[in-house]
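One structure is given below, encoded as structure tokens.
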Amino acid sequence: KDTLNPNGPRLVFAADHVYWLWGGRYRCTQRESEGEVHCFLGYDPDVLLWLPPHIRNLFPAVLTRRKGIDTTCVCDLERRLVRGQGFGKYRKDLLEAHMERLQCIHESYVSYINRIRQSIPFSMAGRSVIKFTLPR
């Protein structure tokens with residue numbers, strides 16, 4: 001029986017955001033018929049090596065023991081290491097990019113909430129149900 005990884009999704013860090021990657025867990029029926037129970041994850045490095053290169057290269061992340069790094073970050077990190085920058089500098093720059101994106105999202109949210117508040121007539125402000133449409 002194939003299921004999702006029971007350990008949950010992996011957190012993957014990209015240049016200015018994060019995402020979750022949740023792969024499947026599979027059981028090898030051939031080994032099972034030989035009396036051996038063998039389970040593996042869909043993103044297991046051994047599985048990825050058997051895939052054709054054009055499919056293997058579509059996999060979006062390099063997985064570490066517990067998390068992952070987006071392949072675009074790996075390429076950027078390689079360029080920086082060649083230029084003599086260390087892992088610590090890259091980590092600091094990555095954190096800064098994430099904080100800038102979070103700040104932009106927060107400012108956008110606060111601005112949107114303020115526009116909604118200004119559009120509510122004063123007499124309706126105390127009511128519990130307020131209908132409005134989201135901008136597209």
Qualifying positions in the stretch 24-56 - in contact with a strand residue (DSSP E or B) (Cβ under 8 Å, 6 or more places away or on another chain) and either closer than 30 Å to residue 96 by Cβ or of a type in the set (Lys, Arg) (or both): 25, 27, 43
Single unsatisfied condition, residue 16 versus (1) open to solvent by less than 70 Å² (accessible area, probe 1.4 Å); (2) at pLDDT below 80: (2)
What residue, among those in the stretch 19-35 that are closer than 14 Å to residue 67 by Cβ and of a type in the set (Phe, Trp, Tyr), is least open to solvent (accessible area, probe 1.4 Å)? 19
Subset of the stretch 57-78 (residues that are out of contact with any strand residue (DSSP E or B) (no Cβ under 6 Å at 6 or more places or on another chain), of a type outside the set (Ser, Thr, Tyr), assigned to a helix (DSSP H, G or I) and open to solvent by less than 80 Å² (accessible area, probe 1.4 Å)): 73, 75, 76, 77
Residue under evaluation residue 86, criteria (1) over 15 Å from residue 14 (Cβ atoms); (2) in contact with a helix residue (DSSP H, G or I) (Cβ under 6 Å, 6 or more places away or on another chain); (3) open to solvent by less than 60 Å² (accessible area, probe 1.4 Å), criterion not met: (2)
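Being in contact with a Phe, Trp or Tyr (Cβ under 9 Å, 6 or more places away or on another chain) and modelled with pLDDT of 75 or more is true for just one of 8, 42. Which residue is that?
8
The values are calculated or read from the model by the stated rules, or taken from the named source; none is laboratory data. Predicted model, so just to flag it, every value in this text is computed and none were measured. Cβ sites come from the backbone with ideal geometry, for glycine too, and all protein chains shown count toward neighbours. With ligands, DNA and RNA removed, areas are computed over all heavy atoms of the protein, side chains included. Shrake-Rupley method; radii C 1.70, N 1.55, O 1.52, S 1.80 Å.
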